1. Restricting to the stretch 168-214, name every residue that is part of a loop (DSSP other than H, G, I, E, B) and either closer than 18 Å to Pro248 by Cα or aliphatic (A, V, I, L, M) (or both).
2. Being within 18 Å of the chain's Cα centre (by Cα) and either assigned to a helix (DSSP H, G or I) or without any contact (Cβ under 8 Å) to a residue 60 or more places away in the chain (or both) is the filter here, so list the residues in the stretch 34-72 that pass it.
3. Can you say whether Ala245 is small (Gly, Ala, Ser) and under 12 Å from Leu181 (Cβ atoms), as far as the supplied structure shows?
4. With closer than 27 Å to Val88 by Cα and open to solvent by 10 Å² or more (accessible area, probe 1.4 Å) as the only criterion, which of Asn183, Asn193, Asn155 stands out?
5. Within the stretch 100-117, how many residues are touching a Lys or Arg at 6+ places or on another chain (Cβ under 9 Å) and farther than 17 Å from Asn155 by Cβ?
6. Which ones in the stretch 215-235 are in contact with a strand residue (DSSP E or B) (Cβ under 8 Å, 6 or more places away or on another chain) and either modelled with pLDDT under 90 or in a strand (DSSP E or B) (or both)?
7. Looking at the stretch 196-236, which of its residues are surrounded by 15 or more Cβ atoms within 10 Å (Cβ to Cβ) and among the hydrophobic types (A, V, I, L, M, F, W, C)?
Amino acid sequence: MKSYFARTALCCMIFLSLFATRLTAQPDTLSFLHVTDLHTIFNLDIYQKDMVKSRGHYGQGVETARQFLHTMPLKTNSDMVIVTGDLVDFFKGETPDGEMLGFQIEQFNRVADDCTVPLWLTLGNHDVADYAWGDGGMVSVKSVAGEARAAWIRNITCFKDGTYYSKVVQAGQTTFRFLFLDNGFNAMMPGDNIEMPYLDKAQLYWLEDQLQQSDDDTEIIFMHIPLRSKDPGMEPSSELYRVLARTPSVKLIVAGHNH
């Protein structure tokens, strides 16, 4: 069975191939390869058997991801690869003896090292959650989000200054500010009265500051959980939307999650 990553990667490859001649012909064009929701799982067979059965459809994506990152940037003449979250399927997973075992991030880093161009990432909800099995079903534990973020920062180069960050890139006469947000946490309680996607106050203030850094750049937002509204045809009511709506220089938002 092909993994979801394989299908997503194929779609991106077809899209870029339509523009390959144009991208090669214009030296002032910046091209990036976007994929999302890889859900890679390393050594799936060592985890709790019911969990293995439940998540087995994601267990074949590791080598596909490795080959994709190693070959496709060169084939498509891409300047960078961007992955918008759910890089792995879980931070820690339950083993048959009840232990919570976590080495998925370290293993993912080895795959990331095979990328032949800069690799920029955002975190998704699966990247900051543990998986266990109980009461006949999967139990997703989100209280480990802080520990998981610390592990991503320790192991992955693009997160060395934190799990949200910006990159300024130039394409001819145009300056782009790429803003990578950490909005994957979604374990809200009904009484929290928080509209998704959620950014904490510190990150919202950072984002507002980044959007005001220059009058001459064009901002592109990358994040995991997309903007949405409760009612069709209505504007989203999240704090993130209100911040972005005040900034007309934000020209594109790239997200994942819905698959």
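The values are calculated or read from the model by the stated rules, or taken from the named source; none is laboratory data. Please read these numbers as outputs of a predicted model, since none were measured by experiment. Cβ atoms come from the backbone with ideal geometry, glycine included; neighbour counts cover every protein chain shown. Ligands, DNA and RNA are excluded from the accessible area calculation, which covers all protein heavy atoms including side chains. Shrake-Rupley method; radii C 1.70, N 1.55, O 1.52, S 1.80 Å.
1. Leu181, Ala187, Met188, Met189, Ile194, Met196, Leu199, Gln212, Gln213, Ser214
2. Within the stretch 34-72, Val35, Leu38, Tyr58, Gly61, Val62, Thr64, Ala65, Arg66, Phe68, Leu69 qualify.
3. So Ala245 fails the test.
4. Result: Asn155 is the single residue among Asn183, Asn193, Asn155 that is closer than 27 Å to Val88 by Cα and open to solvent by 10 Å² or more (accessible area, probe 1.4 Å).
5. So the count comes out to 1.
6. Passing the criteria: Asp217, Thr218, Glu219, Ile220, Ile221, Phe222.
7. Met196, Leu199, Leu204, Trp206, Leu207, Leu211, Ile220, Ile221, Phe222, Met223, Ile225, Leu227, listed by residue number.
Residues are listed down the side, and each one gets a yes or a no for (1) more than 17 Å from Glu147 (Cα to Cα); (2) of a type in the set (Phe, Trp, Tyr); (3) open to solvent by 20 Å² or more (accessible area, probe 1.4 Å):
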| position | (1), (2), (3) |
| --- | --- |
| Asp86 | no, no, no |
| Phe91 | no, yes, no |
| Gly98 | yes, no, yes |
| Gln104 | no, no, no |
| Ala112 | yes, no, no |
| Thr116 | yes, no, yes |
| Leu123 | no, no, no |
| His126 | no, no, yes |
